[in-house]
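The values are calculated or read from the model by the stated rules, or taken from the named source; none is laboratory data. Since this is a predicted model, take the numbers as computed values, not measurements. Note that each Cβ is placed from the backbone with ideal geometry, even for glycine, and that neighbours are counted across all protein chains shown. Side chains are part of the model used for accessible areas, which takes the heavy atoms of the whole protein and leaves out ligands, DNA and RNA. Shrake-Rupley method; radii C 1.70, N 1.55, O 1.52, S 1.80 Å.
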Amino acid sequence: MKYEYQLRVSPEQAAKEELLLREVSKHSGISTKEIRHIEILKRSIDARQQSVKINLKVDVYVNESIKKTPLELPHYPNVSDKEEVFIIGAGPAGLFAALRCIELGKKPVIIERGKDVRNRRRDLKALNIEHIVNEDSNYCFGEGGAGTYSDGKLYTRSKKRGDVNRVLKLLVAFGATSEILVDAHPHIGTNKLPAIISGIRKKIIEMGGEVLFETRVTDILIVNNEIKGIKTLKGEHFNAKNIILATGHSARDIFELLHRKGIKIEAKPFALGVRIEHPQQLIDKIQYKCDDRGEFLPPSPYSIVKQIGGRGMYSFCMCPGGVIAPCATSPGEVVTNGWSPSKRDQPTSNSGIVVELRLNDFKAFGDSPLAAMEFQKSIEQSAWVYGGETQRVPAQRMVDFVEGRTSNNLPETSYKPGVTSVDLKNVFPEFIHSTLQKGFKEFGKTMKGYFTNEAVLHAPESRTSSPVRIPRDPKTLEHIQIKGLFPCGEGAGFAGGIISAAIDGEKCAESCIVLMNS
């Protein structure tokens with residue numbers, strides 16, 4: 001027989017099979033000798049009380065063994081001679097759109113401006129060490145998109161968008177640990193995600209799809225508001241009737257192309273601020289209420305949301321045991337983001353701390369649909385100037401920032417290109433600067449010990465989401481003006497992270513193929 005139970009146990013009990021067995025026996029009244037297996041279905045940490053507990057949902061197998069079968073990929077037919085669907089961008093939206101196309105009997109052709117995951121590493125090294133920004137291969141552009149080398153977080157609140165579990169199971173089938181099906185906040189890790197992404201690409205090619213790297217789209221050919229083709233920087237021309245546009249939140253040249261061609265796009269509010277770094281041990285102490293978290297608890301995350309003067313200010317993409325990375329996509333700008341390896345074993349934690357922006361905040365840049373993007377760009381360029389016109393980042397200790405003084409010295413942080421001591425009021429507009437100043441005091445009231453000069457602010461955290469939305473029909477997902485164009489994922493303003501982008505990619509592929517077959 002199989003029984004399901006909800007348990008609340010200590011971290012050690014959750015980690016050790018023999019202790020968990022005893023606790024399940026005590027909770028259920030079933031003898032330990034009768035319990036053949038305990039399968040953990042869901043796991044989350046509750047650190048709200050003085051004593052940290054682990055919430056578990058488990059299946060208990062009594063007098064019978066579990067019959068586990070490995071997760072298998074769907075049936076993917078060979079589509080080498082089938083009708084083509086062009087997909088621009090090889091991030092999660094583009095890759096999952098391609099897999100779904102194959103599943104539904106169409107041939108995906110992915111066009112990606114960046115390099116494959118392996119060759120992409122060289123450009124990341126050049127960015128970190130030599131401060132060289134490759135506009136086509138960086139933390140945002142290349143196989144796997146922005147998520148590949150910036151953490152691989154899989155948590156999403158977008159449960160209503162589609163089948164989250166389906167995407168997670170596909171990732172496991174492609175090599176991710178099955179723990180992502182269990183943890184409340186699943187995470188793969190930047191060190192492990194590239195191999196999974198590479199496996200997806202190999203499957204697409206094996207089944208007859210195509211993936212073209214280092215191929216930047218420079219024009220989308222349109223006649224009578226219908227898609228007719230694609231041109232690339234290399235001078236290539238592809239006849240195309242259908243395009244899934246999955247270029248990500250940083251493809252400014254694509255936004256500019258659409259605007260130049262008179263294709264409807266809209267300015268979209270986003271959030272902007274800093275990336276803050278604390279010692280991980282300090283965050284553990286605050287969150288777990290102990291001096292040493294011990295061997296059975298992972299490095300602690302945190303999440304804070306405040307209303308400051310009518311604006312939202314909140315933590316974003318928090319990385320326990322992680323590092324801060326340079327994420328510029330063009331020379332002359334500085335951008336930060338964070339990531340963690342799978343073990344989250346770095347001595348520092350970091351998080352974006354960002355302020356909610358509104359459309360009227362961009363009025364200095366006119367009423368153009370690119371106004372929010374230009375606002376974003378102006379701050380990144382200002383950070384580059386104040387950082388020293390390299391990839392060194394303008395930085396300030398947190399208490400110094402709040403009290404309005406330039407830091408006399410800065411500790412070495414995880415940001416490899418280096419930091420430059422700057423009063424960040426020179427980088428941000430006054431309303432963002434003052435909101436952050438007030439907000440950090442409030443954060444310190446919520447998390448005792450968080451407000452400290454041990455923490456260093458790195459500016460800016462500016463690529464939280466797309467500054468542009470590409471409107472589409474809510475039912476067909478086709479652009480409201482251009483037949484055969486399917487705006488998709490984060491870059492189109494319809495996703496926010498790996499899982500929601502992958503779900504949107506699948507949905508766009510399905511809608512595209514329905515219209516192709518009609």
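For the range 1-22, enumerate the residues that are acidic (D, E) and either in contact with a Phe, Trp or Tyr (Cβ under 6 Å, 6 or more places away or on another chain) or open to solvent by less than 40 Å² (accessible area, probe 1.4 Å) (or both).
E12
Residue under question is A126, and the condition is that it be surrounded by fewer than 24 Cβ atoms within 10 Å (Cβ to Cβ), modelled with pLDDT of 95 or more and aliphatic (A, V, I, L, M); does it hold? So that I can check it myself, show each step before the final result.
On the way: surrounded by fewer than 24 Cβ atoms within 10 Å (Cβ to Cβ): yes; modelled with pLDDT of 95 or more: yes; aliphatic (A, V, I, L, M): yes.
Yes: the conditions hold for A126.
Taking each residue of the range 314-325 that is in contact (Cβ under 8 Å) with a residue 60 or more places away in the chain and looking for partners that are open to solvent by less than 10 Å² (accessible area, probe 1.4 Å) and polar (S, T, N, Q) with beta-carbon atoms closer than 6 Å, six or more apart or interchain, yields C319/S340; C319/N350; G322/S340; G322/N350; I324/T336; I324/N350.
F255: of a type in the set (F, W, Y), under 29 Å from the mean Cα position of the chain (by Cα) and open to solvent by 10 Å² or more (accessible area, probe 1.4 Å), yes or no? When the stated conditions are applied, F255 does not pass them.
In the range 17-50, the qualifying residues are those that are small (G, A, S) and in contact (Cβ under 8 Å) with a residue 24 or more places away in the chain, and the one that is farthest from E179 (Cα to Cα) is S28. Every condition in (1) more than 25 Å from L170 (Cβ to Cβ); (2) crowded, with 18+ Cβ neighbours inside 10 Å; (3) more than 23 Å from the chain's Cα centre (by Cα); (4) aliphatic (A, V, I, L, M) holds for M207 except the one numbered (1).
For the range 57-90, a tally of residues being open to solvent by less than 30 Å² (accessible area, probe 1.4 Å) and touching a Pro at 6+ places or on another chain (Cβ under 9 Å) returns 4. Considering each of G235, G248 in turn, give the residue that is open to solvent by 10 Å² or more (accessible area, probe 1.4 Å) and without any contact (Cβ under 8 Å) to a residue 12 or more places away in the chain. Answer to the check: G235.
N224 meets each of the listed conditions (1) touching a residue at least 60 places away in the same chain (Cβ under 8 Å); (2) on the phi > 0 side of the Ramachandran plot apart from (1).
Looking at the range 110-123 only, could you name the residues that are surrounded by fewer than 20 Cβ atoms within 10 Å (Cβ to Cβ) and over 13 Å from R201 (Cβ atoms)? Scanning the range 110-123 gives R121, R122. For P341, the conditions (1) open to solvent by less than 10 Å² (accessible area, probe 1.4 Å); (2) touching a Lys or Arg at 6+ places or on another chain (Cβ under 9 Å) all hold with the exception of (1). So, I200, is that one in contact with a Leu (Cβ under 6 Å, 6 or more places away or on another chain), crowded, with 21+ Cβ neighbours inside 10 Å and either free of Cβ contacts under 8 Å to residues at least 24 places away in the same chain or of a type outside the set (D, E, K, R) (or both) or not? Criteria met by I200. Number of residues in the range 374-389 that are open to solvent by 30 Å² or more (accessible area, probe 1.4 Å) and either under 14 Å from L357 (Cα atoms) or assigned to a helix (DSSP H, G or I) (or both) equals 7. Total residues in the range 258-292 satisfying the condition of being open to solvent by less than 40 Å² (accessible area, probe 1.4 Å) and acidic (D, E): the figure is 2.
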